[in-house]
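Read the figures in this text as sums done on the coordinates, not as results from a lab. Because the structure is predicted, anything quoted here is derived from the model rather than measured. Every residue, glycine among them, receives a Cβ derived from its backbone with ideal geometry; neighbour counts consider all protein chains shown.
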Amino acid sequence: MLDINHIAKTFNPGLITEKRALADVDLHLAEGDFVTMIGGNGAGKSTTLNAVAGTFMVDRGSIVIDGVDVTHLPEYKRAKYLGRVFQDPMNGTAATMNIEENLALAYRRGQGRTLRWGITAKERDEYREKLATLGLGLEDRMSSKVGLLSGGQRQALTLLMATIKQPKLLLLDEHTAALDPKTAKNVLTLTQKIIAENHLTAMMVTHNMKDALEYGNRTIMMHEGKIILDIDAETKKRIRVEDLLVMFEKAKEEKDLEVFFNTVMYDCETKDDRIVSIYCVQETTEMRYQLYAPVFVDATGNGTLGYYAGAEYRKGSEPQSEFGELHAPQQPNNYRMGNSILLKAKDMGHPVKFTPPSFAKKLTEEQLAKRIHCVQMRDTINCDDSPNPEEYKRTSMTSSACVDYGYWWLELCGDGEDIITEYEAIRDDLIAYAYGIWDHIKNNKEGIHEHHAENYALEWVGALPGVRESRRLVGDYLLSETDILEHKIFEDAVCYGGWCVDLHAPHGLLDFNLLPSDCNFYDGVYTIPYRSYYSKNIKNLYMAGRDISTTRLGLASTRIIGCCAIGGEAVGIAAALCNKYACNPRELAPHVKELQQLILKEDGFLPGFKNEDEKDLALKAKITASSWEQGGEPEKVANGISRKLGEEQNGWVTKPGECLIMKWDETKEIREIRLTFESNFAYPIRVTMAPLRQAQQRNGVPEELVKDVKIELYREGKKTGEAFVKDNYQRLCSVGIGDVPADEIRVIPESTNGAEQAVIHEIRVYAK
């Protein structure tokens, strides 16, 4: 219906007042789409509408309405395709003319003028009928001057005028912004009604995020003349205004970020061992995209992009002879950790019966003897076949003893060779076993364990199984169990891990005689080399998440979400460097030290590596403070390590209100100060569905985080500037200074979010 193809517009080019209003707007609306548009002031929302309306000509790109290219048509020639409602109720009507005369003008929009008598009786009846649909009584005031109407009445009339001829496209430019909240709500309700009843295609600009989510079937977010988010109808139903604010802030932080929700890649184009483009479809809107890039990242978990591109990959276990792994099988096999589904129960406060569905798979206490599913099993479960029975009991109890937890061990691997193509069949079996397990917990009266589930009701059963293992893409290095157990520190390390080598039973739940997991614990952490994050044979392909280059035993540790997350951050930074140097991932190897330093700068952690950023003035400063706690000396903010390790604070520890001073021999124009605060990484946090466990979690901002900070800048003893951080909720806080000349900086943590001590682990200072 509407195709906006990569339009751009710059006003006053070459002048001091030059303004790039639209950078590269690409938007496609199907017939009947109702799109709400949000973004900050100057984001390009109204400019996009004006470009469509022909208020000005775009510099490049094209605009097609219902198959007609209107790119070069003047505004008056586009009028027959469009209906418009402006922010000011006064702009859409003629104040000195009466209601029916205004409607007549709208009715004849786009038509040539004749000497025929003005308003016919038939037209007047039609106007009266349409006015009655507004519910404002205007049908009885058709001879009244429009200038005598209220703002809400006038805007409702404008809306009717804009849609009376059922335009191809309706443009609504903040049409409720000038109205009071109650009137605005009424006009919006009327807007949605008119659009739905007439099956109109519409674009509505608004600053109200609640309205943006409530109305329409799509929401797009603009920033700096580009669309940065496109949220479909299904996603709109699930997100809140708070979620939208987070998306907006994150999108603003990232230059040239564009997000596609519910979009699936189904193929790719390759040439000379490179990925040229990928083909995608947005499942809810059925829009298709072909996306080009110099570098691609496969974070699909299943290695899907790598598979389509022909990347080398592995499945199953390597033999012990290949890498010398302690717990590898003598012969290779195709075992894989299974897919899991969770369930959630709720304590109703009174006995609740449960009748299982006919498809539920029956299970016995004997079959579940190795699966902790009630509290009493803690002391009776036989863990003798675990490498560390007591450790196994401890870790299992913290996560799976509650009857309302969800049970991570409810996993199946399928019967065939490919866990990916079997996904749907595995899901169906998992659901059947989930109801069977709940039936057992609720109704089984045999055995030695009491389940204590009389008052619990099944509240939710998952529909999308979580995947633990599928393809692993092969890079220049495969991380092995040996590397993990030896705590290897690689010269090209870009990520680290610390989870045990956690390998689950080969057939999941159906291995009734085995413990659900075989955990090999060790002390300390290990690193993952850069060479494990890019493809061995596809030149411009990175991987991140579960599909990185590891052996199967290596995957048993690296698959944990925390490790996947920080590996993804490393790959994102690496991809940016590839663009900087116009090179492929393997060719970036000479710049790996720069990559490591950037990771550290963004609050990453690499065991065995310190901040050595030559541009960081803090490393060359003389540092003192008004006070500090033992072990938390002020100079530690520049020791290169930005977190507590063991008993070593690696930061300034003091009381709120004290002052840290940095001095230099020469004046610098200070542009940015980066502060890293304590957030208590040691606090025990477990992702859990159990209300009992959730109640033990800490919600909100960690009390250890510094909340308010004052920064003062001095030159030769005279203050040259100051900056403030208020209501901080982040570990890493970047403060823009604005090129202030200074040879001294004072940092004063004024308050925390509840802790008695204020801790600053790292201060970085950057000049112009």
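Quick look at the numbers
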quantity: Rounded to 10°, Cα long-axis angle of helix 423-443 versus longest principal axis of the chain; calculated: 70
quantity: Relative contact order for the chain, counting Cα pairs under 8 Å that sit 6 or more residues apart, in percent; calculated: 9
quantity: Sum of side-chain charges, Tyr335 neighbourhood, beta-carbon under 10 Å (Lys, Arg +1; Asp, Glu -1); calculated: +2
quantity: Relative contact order (%) - criterion: Cα under 8 Å, at least six apart; region: segment 185-230; calculated: 21
quantity: Tilt relative to the chain, helix 181-197 - C-alpha long axis, 0 to 90 degrees, to 10; calculated: 90
quantity: Cut-off under 5 Å, modelled amide H: who pairs with Phe34 long-range; calculated: Ala202, Asn217, Arg218
quantity: Relative contact order (percent, whole number), segment 617-767, Cα cutoff 8 Å, 6+ residue spacing; calculated: 36
quantity: Label point at Ile489 placed 7 Å out along Cα→Cβ; residues across segment 602-619 whose backbone nitrogen lies under 15 Å; calculated: 605-612
quantity: Helix 561-581 axis, angle to the chain major axis (alpha carbon atoms, nearest 10°); calculated: 60
quantity: Gain upon complete extension [Glu126, Glu75; 0.36 nm per residue less C-alpha separation]; calculated: 15.5 nm
quantity: Scattering curve values for segment 413-566, log₁₀ I(q)/I(0), Debye with Cα scatterers, q = 0.17 Å⁻¹; calculated: -1.05
quantity: Charge context of Ser626, other residues only, Cβ under 11 angstrom, K/R +1, D/E -1; calculated: +1
quantity: Per-pair calculated FRET efficiency, R0 = 35 Å: Thr482 and Lys445 via Cβ, rounded to 0.05; calculated: 0.10
quantity: Built amide H within the under 5 Å cut-off of Val259, gap 5+; calculated: Leu229, Asp230
quantity: Gain upon complete extension [Glu629, Leu326; 0.36 nm per residue less C-alpha separation]; calculated: 104.6 nm
quantity: In Å, descending, principal axis extents of the Cα set of the chain; calculated: 99, 82, 61
quantity: Surrounding net charge for Val35, when Lys and Arg each add one and Asp and Glu each subtract one, Cβ distance under 10 Å; calculated: -1
quantity: Low-density loop positions, chymotrypsin sites (Phe, Trp or Tyr not before Pro), segment 599-661 - DSSP coil, at most 16 other Cβ in 10 Å; calculated: Phe605
quantity: Spin-label zone in segment 181-223 - amide nitrogen under 12 Å from a point set 7 Å from the Cα of Leu245 along the C-beta vector; calculated: 209-210
quantity: Theoretical gain in end-to-end length, Thr364 to Lys620 [0.36 nm per residue, Cα-Cα removed]; calculated: 85.4 nm
quantity: DSSP-loop trypsin sites (Lys or Arg not before Pro) across segment 195-280, with at most 15 other Cβ within 10 angstrom; calculated: Arg240, Lys255
quantity: Value of [θ]222 nm, deg cm²/dmol, for the chain, DSSP H segments ≥ 4, -39500 (n - 2.57) each, nearest 500; calculated: -7000 deg cm²/dmol
quantity: Calculated FRET efficiency for the pair Glu647/Asn333, C-beta based, R₀ 51 Å, to 0.05; calculated: 0.70
quantity: Segment 407-448: trypsin sites (Lys or Arg not before Pro) in DSSP coil with no more than 10 other Cβ atoms inside 10 Å; calculated: Lys445
quantity: Label-point separation, Ile16 to Ala695 (7 Å along Cα→Cβ), nm; calculated: 6.7
quantity: Rough spin-label spacing in nm, given labels placed 7 Å along Cα→Cβ, for Lys710 and Ile561; calculated: 4.1
quantity: Other-chain or far-sequence residues with amide H under 5 Å of Val494's (modelled H); calculated: Ile528, Tyr530
quantity: Beta bridges per DSSP with both ends in the chain, % antiparallel, nearest 5; calculated: 80
